[in-house]
Each structure stands twice: as C-alpha cells, then as structure tokens.
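Novice: Before I ask anything, here is the structure I am working with.
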Amino acid sequence: MTTALQHDVAGFVYHEARLMDESRYSEWLDLWAPDALYWVPCDGDDGDPRNQISLIYDDRARIEDRVFRLNSSSAHSQDPPSRMCRIVGNVRVLSDEASRDGSGDEITVESSFVLVEVRRGHKNMYAGRTTHRLRPDGAGLRIVSKKVVLVDNDQYLGNLTFLL
Amino acid sequence: MSIWPNLMITSSQVRNTRPLAAGLTAVDMWPAFLDGVPAEVNSERLRGHEAFFGAASLGSPDDYEVFERIHVGLQATVDPWVLMSRGLETEQRHPDGTIVGAITDEVSQRAQLRQWLKVMSLNVEAAL
C-alpha cells in the first residue's frame, strides 16, 4: 500500500461522510457500484443476514429506493432533515493482497466514526465501525460494499433514517 | 390482529408496545418465519421487514414521527383532542357485537381507546 493510496482512500471516506452529513442523497448514491451491498447489522456485529434481522441490508435497488424516498416530500421522519456532524478516523487500508498494490483491484478499508445528530430539538450521539470495500473506477472509487457496525446495535434505537 | 392492550400479530411479525413513561415508549418487533418454505422465502421476509418496519426503514419511522408530533400536539390546552372518526358513519355492527369497517377505518383505534377509558375508569379502591 502506498501513501498515495492511503490518501485517496481516506479522502474518499471523508468525502462520503460530508455527503451523508449534509443529506446530499443523490450525490451519495453516485458513489455506489452497480452491484452494491449496504449492511448495518442488528443485535450483534456478525449475524447471518439470511436468517437474522438487520437494520439495513440493501442491494443496489433498495439503496435507490432509499434515496428516492429521502428525495421525495413524503419522508416525514426526515422532514426537517437531521443536522449532522461526524468525525471519521482510524482509517486503515487492510493489507490483503487486493489492497496491497491498488492497481485496479478492490480495496478494503476500515474506519471509525462518532456522529452527533440533531433534529427537532433532540440531540443524539452514535458511534460505530465501518468497513468499506472500494473498487477503482476510472479516476475515482466506487463502494462495492459497506458494513456499519453501530456500538449500540443491540439496544432500542430511534429514528435512523439519515445516512450512516 | 390486535390483542388488547399492547400485542399485535400481523402476517409478518409479532409486535409488543410498552409505555415506559409519559413521552417514552419501547416497541419490540419480531419478524416471523414460515415453516416448510425454502430458506430464500424467509430471507425475503426479513428484507421486507427491514424495508418497512425497522429504525432505518422507509415506513415505520414516518409513523413514529407522526405519533411524536401528535404527542406534542396533545400537550395543548386549547383543543386537546384527536379526531378519530374515520369510518364512523359506515362501520357495521353485527348481532354478536363485532364492529366491521374498511381497512383504513379507525374501528380498531376507537375500540382500543374505548377499552382503555373503561379500564382506567374502574373503581380502583374497590379493585384493591
């Protein structure tokens, strides 16, 4: 892994965080690959999504449904939208074979986040660890898969209709 | 199907609603699997549940948003009422006492609150 690759990958993850913070749904959708998978586990970090419930388990079509609804005027749970600021850190490119050369193969990236979300007079704090699988695509990167492990995914959760 | 006061059983889930305090309610939902079907069918039921009922879904959070706004509205002292009259003119009463309305009528909501009022109005001292 080169320093330049680390820089590109971290920059991509920070850019995605900014789009999520600002509820720029369509621009966020553009980051995803056609064969995307977006997974936020529930009641633990590594359950089998085939027989265990998740908070989010979206293929590309469901991600598009999510963005279509958030862009519509009928998403009452995001009207008004959440105001958010998240710090993303501990960005680490895993040193598996695909990540090592970065010459066209997919890259696995781990990061952590702390997010403060404010909406209609209530302030909430969330934290978790994210694993991105990124694919070089032309001049940029696309998200092939993204797994977000919330530290409180086994607790009662409120309105999570913003982007994680 | 609603079982008074706080249990719901639908085609896809069992749901239990527990009021913890004024302004705080916990809702537990358990998606239900079907016996004797291919595993893919139950996986798809999970995906359907996630898409509509979960905390990050496209359905229930909108309902909860409405409930929370109603809760705020009910703090008003000027006109502290919720109109729950949908289907009141067209619902049908059967001889055995069953009341039947259209699916979007508020028959079940009226029944829930009617029973709530009845129980909360019992003579508590006599019950003790």
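The values are calculated or read from the model by the stated rules, or taken from the named source; none is laboratory data. A quick note: this is a predicted structure, and the numbers were derived from the prediction, not measured. For neighbour counting, all protein chains shown are included, and Cβ atoms are generated from backbone atoms with ideal geometry for every residue, glycine included. Protein only, heavy atoms only, side chains kept; ligands, DNA and RNA dropped before computing areas. Shrake-Rupley method; radii C 1.70, N 1.55, O 1.52, S 1.80 Å.
Novice: Can you give me the distance in nm between label points at A:VAL118 and B:VAL124, each placed 7 Å from the Cα along the Cα-to-Cβ direction?
Specialist: 4.0
Novice: Under the definition of Cα pairs under 8 Å and six or more residues apart, what whole-number percent is the relative contact order of the stretch B:83-128?
Specialist: It rounds to 31 percent for the stretch B:83-128.
Novice: When the dipole is taken about the Cα centre of chain B, and only Lys, Arg (+1) and Asp, Glu (-1) are charged at their Cβ, what size is it in debye, to the nearest 20?
Specialist: Value, rounded to 20: 280 debye.
Novice: Using the Kirkwood radius over C-alpha pairs as Rh, can you work out the diffusion coefficient of the protein assembly as shown via Stokes-Einstein at 37 °C, viscosity 0.692 mPa s, in µm² per second?
Specialist: 149
Novice: Pairwise over distinct Cα atoms, reciprocal of the mean inverse distance: report the Kirkwood radius of the stretch A:53-164 in Å, one decimal place.
Specialist: Taking the inverse mean of 1/r over all distinct Cα pairs, the stretch A:53-164 comes out at 15.9 Å.
Novice: Additional query: Percent antiparallel among DSSP beta bridges with both residues in chain A, to the nearest 5?
Specialist: Once the DSSP bridges in chain A are tallied, antiparallel ones form about 90 percent.
Novice: Work out Dmax and Rg for the stretch B:1-79 from the C-alpha atoms and quote the Rg first, both in angstrom.
Specialist: Rg then Dmax for the stretch B:1-79, in Å: 15.7, 56.
Novice: Under the Karplus relation 6.51 cos²θ - 1.76 cosθ + 1.60, θ = phi - 60°, what is the ordered set of whole-Hz ³J(HN,Hα) values for the stretch A:49-62, x standing for Gly and Pro?
Specialist: Per-residue couplings from phi come out as x, 6, 9, 9, 5, 10, 6, 9, 9, 9, 7, 4, 5, 6 Hz.
Novice: Along the charge dipole of chain A, which of A:ALA36, A:GLY128, A:ALA61 sits closest to the positive end, that is, farthest toward it, with unit charges on the beta carbon of Lys, Arg, Asp and Glu (+1, +1, -1, -1)?
Specialist: A:GLY128
Novice: Determine the percent antiparallel among the DSSP beta bridges restricted to the protein assembly as shown, to the nearest 5.
Specialist: Taking every DSSP beta bridge with both residues in the protein assembly as shown, the antiparallel ones total about 95 percent.
Novice: According to a simple spin-label model (label point 7 Å from Cα along Cα-to-Cβ), what is the distance in nm between B:ARG93 and A:ALA4?
Specialist: 8.2
Novice: Chains A and B: how much accessible area gets covered up at their contact, both sides added, probe 1.4 Å, in Å² to the nearest hundred?
Specialist: Buried area between the two chains comes out at roughly 1900 Å².
Novice: Roughly what angle does helix A:3-21 make with the longest principal axis of chain A, taking Cα atoms, 0 to 90 degrees, to the nearest 10?
Specialist: Helix A:3-21 and the main axis of chain A meet at about 10 degrees.
Novice: Moving to a separate point now. Measure nothing fancy, just the Cα-based angle from helix B:39-52's long axis to the longest principal axis of chain B, in degrees from 0 to 90, nearest 10.
Specialist: Between helix and principal axis, roughly 40 degrees.
Novice: Using 18 Å as the cut-off for backbone N distance, which residues of the stretch A:140-164 belong to the label zone defined by a point 7 Å from the Cα of B:VAL72 along Cα→Cβ?
Specialist: Of the residues in the stretch A:140-164, A:158-162 have backbone N under 18 Å from the label point off B:VAL72.
Novice: Another one. About its Cα centre, what dipole magnitude does the stretch B:83-128 give when the only charges are +1 on Lys and Arg Cβ and -1 on Asp and Glu Cβ, stated in debye to the nearest 20?
Specialist: My answer is approximately 60 debye.
Novice: Given a 1.4 Å probe, how much area per residue of the protein assembly as shown is accessible, in Å²?
Specialist: On a per-residue basis, 60 Å².
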